[in-house]
Structures are given as structure tokens and as C-alpha cells.
Amino acid sequence: MIEMTTDNSFPPNKSKEDCRPRRKRRLVLVIVCVALLLDNMLYMVIVPIVPDYIAQMRGSSDSATPSTESWTPTALPPTLANASMANTSALPTAAGPAWPALRPRYPTESEDMKIGVLFASKAILQLLVNPLSGPFIDRISYDVPLLIGLGVMFSSTVLFAFAEDYAMLFAARSLQGLGSAFAYASGIAMIADKYPEEPERSRALGLALAFISFGSLVAPPFGGILYEFAGKRVPFLVLAAVSLLDALLLLVVAKPFSAEARARANLPVGTPIHRLMMDPYIAVVAGALTTCNIPLAFLEPTIATWMKHTLAASEWEMGLVWLPAFVPHVLGVYLIVRLEARYPHLQWLYSALGLAVIGASSCLVPACRSFSPLVVTLCGLCFGIALVDTSLLPTLAFLVDVRHVSVYGSVYAIADISYSVAYALGPIVAGHIVHSLGFEKLSLGMGLANLLYAPVLLLLRNVCLLKRSSSEREVLLDEPPQGLYDAVRLHERTAQSEDREPSSPPGPFDGCEDDYNYYYTRS
């Protein structure tokens, strides 16, 4: 009787214990999503604020002379992906009265160059730091680097709030790039680690992408409204407070300095980032991420000027042209998450289709002769970006699982490098290309690059079929995969059985396997 009583009472207690890690995992997902939201809001919140602030730094003679080139805050086009700030302010304005909160007034040419360099500085520093932040994240796990990223973002936001000259603005913007290099890579890697199995991993990463796009959407009106009615410091102080609260929540939930967290330092070290970069499959994915973000990064700083000269667009049309694209971006994320749950072996096809949609949309932009077709075309562009990002981010984690050590900091640092390459060049290079070759050739060239890269993803076709070996991995490991370092154990088990048939279909880069086998043997 006593034994029966204990048996009957054990399952409920066990179920409660099982629910605790699940709840903790969801809290970690919320923390990461808020961190990514803050990062992208700080990307975009300076759009209506910084140009006006730089305009106020003119000499006393310029400030004393009335000019239509002064700035008033406005909400300019938001970015729908993990995008750097674009110089959307570099275009002439029409003279005439308008409501100051809706009509941007643009800076001089020298100020325009300053703004372009300021916007690009974040992505440039992020590009330089990522090769170092990735191995650092792999070495000490994900929670401490995420805490570092939130702390640096907090410092950057406070510095923005109290900046008094261009040098302080540049330092704050560059400091934000340092924080983003840690926050993005460690946050996405933490999600991939906490959700090792599909389709949960794709669903969690899709939610993170939705927060990224939402942060880019709400930041310009958020910053413009608070700047108009409360002053320059208030938007930054609000973001700094949220960043501090998110860091405190991370300390409470993840406990990065506990004994359990320190024990992870004794686990195997992840694959070095230079080896991941030499993996041909990861190189194909990184190339696709860069290619798909180039149109967005180059159109943002140039499309408003083109709309003014070609479509005779009004100020509100130039300011709201990107706003409707948020809906198809989230729709694309939702669609890929649902498709991957049913047909996980077709991720390469989803991303190739996304590149084709991006290429076609980019080529159609110069053909638009009114506002409505242009909005539809840009919606198609952001829809294609959602297809590519949502398909390939889980693919990166899977490639690390089956070909390397299941530590994800370096591989997502490579993904961040891919984004940063596009958005470091956009604010500086796009304008020069338009002046020398024209907007039409720029759009056609970017569209053609995406269309030509789409067939390259056929090289990932057999790799994506490795998802069929999920159940076999559980058998070989004698336990469900834990999402951390189980790929090493799987590799050791498969190496012991020479008579077993390969669990994965042959791929186009099978000649590279000997190098990786040699690396694992030495490890």
C-alpha cells in the first residue's frame, strides 16, 4: 500500500520538475527576444534624432540664417531585418509649408557624409569584433556574453542620451556595434542550444526574427514622438532602462556566475571559427545571407531620393514606403516555420525561392511609376528576406550539429558577419554607385546577383536531408540529444562502426570530409 501511494504521487512531482526547465527555457527565449528588440530599436531610433542634432552643430552663422535645410524629427523608413542604419536622410526636400512632425528637412552635403559614416560605424565595428566574439562565446557559453552585450548596449544608449558633439555620437554608435557583436551571436546561439530539436528550433528562431523586425518598425516613430514632445534624451533613457531590466532578468533566470554555469567551462571546446568559415556548406549559407541583405542595405539610403525625382513622391510617401513591408516579413517567417515542421528537408528550396523573390523584386523597383506598386514590390523584397533568414538560421545550427561540435557561438558570429558586410557598405557605397551608374543599374545588379545565387543553394540539398537522421541520432546516443556537444559523441559512435551504411546521403563537398575526420580524431 505504501509503495502504491508513493507511485501514485511520484508522476505529478516529476511532471512539475520537468516543467521547470521548460519554463526556464521560455524565459530565456523572452530575454533573448527583448535583447534583440532593443538592439534593433537602437539601430533605428536615431533616424529622426541624430540628423537634427548634427544640424544643430553648425556654426553660429549658419544657425542664425533661416534655412530650409534645418531638421525636424520624423519617422523614416524602418528596417525589417537584422539591418544597420541606412542613410535615409540623404535627399533634397521640396520647399513649402508642412507639418514639422511629418516633413523631414535635410542636411547639407558635408553633414550627409557625417551621417553616413555615423550610421555605418556600428556595422563596421561589429564586422571587426565578430571573429573574436564568436570564439569567446564558445569558450565561456552564452549567458555571460549576452550579459556583456546588454551591458555595453546600456552604456552606449546612455552615451547617446548625453552626447554633446559628433565625436561622442560616433563613440556611442561604435560602442553599440561592440555590444551587438556579443548580444546577437550569443542570443541566437542560446536559442539554438536551448531548442535542439525541430520544429521547436525553427519556431523559436522565427520568433526572434519577428522581434527583430518589430523593433526596426517601431523605433523611428518611437524616437520621433518622444524627441518631439520630451526631448532628445528621453528615447535613449527609456531604452537604457529596458536594457538594464533585461540584464537583471538574465542574472536571475540564467545565473551565469553560478557553480552550474562555471561547470560548463570543462566541456569540450567548440570548433574554431576559421574552420567553420572553411566549411563549404557554411560558406554557401553565409554567402546567401549576405546576398539577400544587399538589396535592403543599398536601397534604404537611395530609394527616397529616387522616389523624389522619379515619382514626385510626397514627404509622407517617402517616410512610410517601408512600413507595410512589416506584414509580409512576419508572414514569411510564419510560413517557413509551418513548412519546416512538415517538410524539413526542403529548407534549401525555401531559401532559394526567397532569393528568387528578392531578385525579382529588386529588378522591378525601377519599373514602378507610382507609390502603390512600389510598396508591393518592397513587400515582396522583405517577404523574400524572411524566407531566406528563417530557413538558413536553423540550417547553420544543424550543420554544426552534424559536422562539428554542437557549440553555436562562432557559427552565428559568422551569420552576423554576413549581415554586417552588407550594412557596413550600404550607407557609404550605395550613394556613390547611384551617382556613377544610376539607380536602375544598381537595382538590376542586386536583383541579378540574387537570381544567380539561388541555384547555388542546390549544394545544400543533400545536407538538409540529414534531418531524417534525427531518430537515428537518438539511437546512437542512447538518449535524446541535449543540444550541446552531442555531435561529438555521435561522430565517435559512427566512427566505431565501419560496417554501418552512411546515415546521410552524399553531398557535393564529400571530399572535405577527410579533413574534418582528421580534425575530430586529433580532438
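Confirm whether Leu127 is of a type outside the set (D, E, K, R), assigned by the TED database to the domain that holds Leu207 and either in a loop (DSSP other than H, G, I, E, B) or modelled with pLDDT of 50 or more (or both).
Taking the combined requirement at face value, the residue satisfies it.
In region 346-367, which residues are more than 19 Å from Leu444 (Cβ to Cβ) and open to solvent by 50 Å² or more (accessible area, probe 1.4 Å)?
Residues satisfying the conditions are Leu349, Leu353.
Restricted to region 381-404, and to residues that are in contact with an Asp or Glu (Cβ under 9 Å, 6 or more places away or on another chain) and open to solvent by 10 Å² or more (accessible area, probe 1.4 Å), which residue is farthest from Glu197 (Cα to Cα)?
Arg403
Out of all the residues in region 132-149, which are in contact (Cβ under 8 Å) with a residue 60 or more places away in the chain and more than 16 Å from the chain's Cα centre (by Cα)?
Once the filter is applied, which keeps residues that are in contact (Cβ under 8 Å) with a residue 60 or more places away in the chain and more than 16 Å from the chain's Cα centre (by Cα), region 132-149 yields Pro135, Phe136, Ile137, Asp138, Arg139, Ile140, Ser141, Tyr142, Asp143, Val144, Pro145, Leu147.
Tally the residues that are basic (Lys, Arg) and either in contact (Cβ under 8 Å) with a residue 40 or more places away in the chain or on the phi > 0 side of the Ramachandran plot (or both), restricting the search to region 425-463.
Residues meeting the conditions: 1.
Going through Pro295, Pro272, Pro280, Pro220 one at a time, which residue ends up being at pLDDT 90 or above and surrounded by 23 or more Cβ atoms within 10 Å (Cβ to Cβ)?
Pro295
Scan region 150-162 for residues that are open to solvent by less than 10 Å² (accessible area, probe 1.4 Å), of a type in the set (A, V, I, L, M) and either more than 17 Å from the chain's Cα centre (by Cα) or not assigned by the TED database to the domain that holds Gly231 (or both) and report the count.
Residues that pass the stated criteria total 1.
The values are calculated or read from the model by the stated rules, or taken from the named source; none is laboratory data. Note that the coordinates shown come from a computational prediction; the quantities given were computed from them, not determined experimentally. FYI the Cβ positions are ideal-geometry reconstructions off the backbone, even for glycines, and counts take in every protein chain you see. The protein model used for the area step is the full one, side chains on, heavy atoms only, and it has no ligands, DNA or RNA in it. Shrake-Rupley method; radii C 1.70, N 1.55, O 1.52, S 1.80 Å.
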